[in-house]
1. Can you find, among Leu299, Thr133, Val335, the residue farthest towards the positive end of the dipole of the chain? Put +1 on the C-beta of Lys and Arg, -1 on that of Asp and Glu.
2. Using the structure shown, select from Lys188/Lys296; Lys26/Lys295; Lys187/Lys280; Lys2/Lys187; Lys257/Lys295; Lys227/Lys320 the pairs with a Cα to Cα distance greater than 30 angstrom.
3. For the full complex of protein chains and a 1.4 angstrom probe, list Met1, Met277 by accessible area with the highest value first.
4. Taking the Cα centre of the stretch 212-325 as the origin, how large is its charge dipole in debye, to the nearest 20, when only Lys and Arg (+1) and Asp and Glu (-1) carry charge on their Cβ atoms?
5. For the stretch 216-273, what Kirkwood radius comes out of the mean inverse Cα-Cα distance, in Å?
6. Counting only heavy atoms of the protein chains, get the accessible area per residue of the stretch 269-321 (1.4 Å probe) and round it to a whole Å² value.
7. Taking springs between alpha-carbon atoms closer than 10 angstrom, which of Arg224, Arg105, Arg206 fluctuates most in the Gaussian network model of the chain?
8. Search the structure for amide H atoms under 5 Å from the amide H of Leu180, placed 1.01 Å from N in the peptide plane, and list their residues when 5 or more places away or on another chain.
Amino acid sequence: MKYLEGENLRDYTTFKIGGPIKFLVKVQDKSELFEALDKAEQEKWPLLILGSGSNILASDQGFSGLVIKNEIKGLEIISENDSEVIIRAQSGEIWSKLVKFTVDRNFYGLENTFHIPGTVGAAPIQNIGAYGTELKDCLVSLKAINLKTKEEKEFSASDCELAYRDSIFKNELKGQYFILSLDLRLKKNGNLNLNYPDIQRVLTERKITEPSLSDLIEIIREIRDEKLPNPGVLPSAGSFFKNPIISSELLSKLQDKFSDLRYFVNGDEIKIPAGWMIEKCGFKDRDFGSVGVHKKQALILVNYGGAKQSDVLALAQKIKEEVKDRFNISLEEEVNII
Ligand code: EPU
């Protein structure tokens, strides 16, 4: 295995921001991972685990330790019965490749998460989700390696404490585990979740009444491509903030003030789209030097080229202050700031 020197975090993140890395190693299986962990222990190098870097705003100081880039691949069906199947996905796989694998076999459950950038291993860290589906809906368990003790541990879905863009791996266990693989339960004869307004709109426009799984993932790809910047063209880390969850009291106050208020209700959670508030504060499609707010989706901050972490953080701060002033809501970052 090669311990690469002179690499930069900006080349390993979709935001294209981040400074020099002391050493970087790419691991393709468990034994390479253990070799890298042993080396880091001997050399006393701090560790940073990277997938495809699609949800990271990295420091311009870089990382003076060992970055382990996860390239452990593999997708397999480990058990099935008449109605369900369990898929084991290795953590270095690209998430959308996993979704395509399931859709090609007519398994239901992950389709609405198609085209979310990132790897399988990153998915549980922030409980990825889109169009009314979250990883939480399908995850059975995961295997992970403790970076200090090198012991393998199985976490049940409930051990992971998955919540909206959150998990135990973003909190108590932050930076402590390398996620190895996920076991996911999918249905053989499921129902599609077509409730989301953007999906409804496209189905109506195209007069499609009974979409197949493959129709749906194509529609989702188009919706995402239409709204979200292509990181290869305009670097970003996807949604920069979470959609805040608010109380019903605050909702009724805001409804009195804003007749066009947008909100979603899911069980007893009320979410206000942060993108709508940011747009209301006049930030959409504005640039602030090398950083800006995307023209089609105000929840996404973009790097026009050469942006530093501090430029993004300064814009984020400005947005948070305006939103707080206008809506009395504190936005929280969704991206992982390192
Ligand atoms: N909206 C605006 N202006 C904007 C952006 C959004 O008014 O500039 C309004 C829309 O009109 C819509 C509502 O806000 O009524 C929701 O917008 P959208 O459907 O684009 O989704 P979102 O709530 O902004 C969330 C996720 C996305 C996910 C989409 C689709 C978070 C933080 N973001 O965005 O996830 O793709 O829903 O389900 O929950 C990500 O996590 O990186 C990500 C892209």
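The values are calculated or read from the model by the stated rules, or taken from the named source; none is laboratory data. Source: prediction; values computed, not measured. Glycine also receives a Cβ, built like all others from the backbone with ideal geometry; neighbour counts cover every protein chain displayed. Side chains included, ligands, DNA and RNA excluded: accessible areas come from the protein's heavy atoms. Shrake-Rupley method; radii C 1.70, N 1.55, O 1.52, S 1.80 Å.
1. So the residue furthest toward the plus end is Leu299.
2. Lys188/Lys296; Lys26/Lys295; Lys187/Lys280; Lys2/Lys187
3. Met1, Met277
4. 300 debye
5. 14.0 Å
6. Value returned for the stretch 269-321: 41 Å² of accessible area per residue.
7. The residue with the greatest mean-square fluctuation here is Arg206.
8. Result for Leu180 returns Lys143, Ala144, Ile145.
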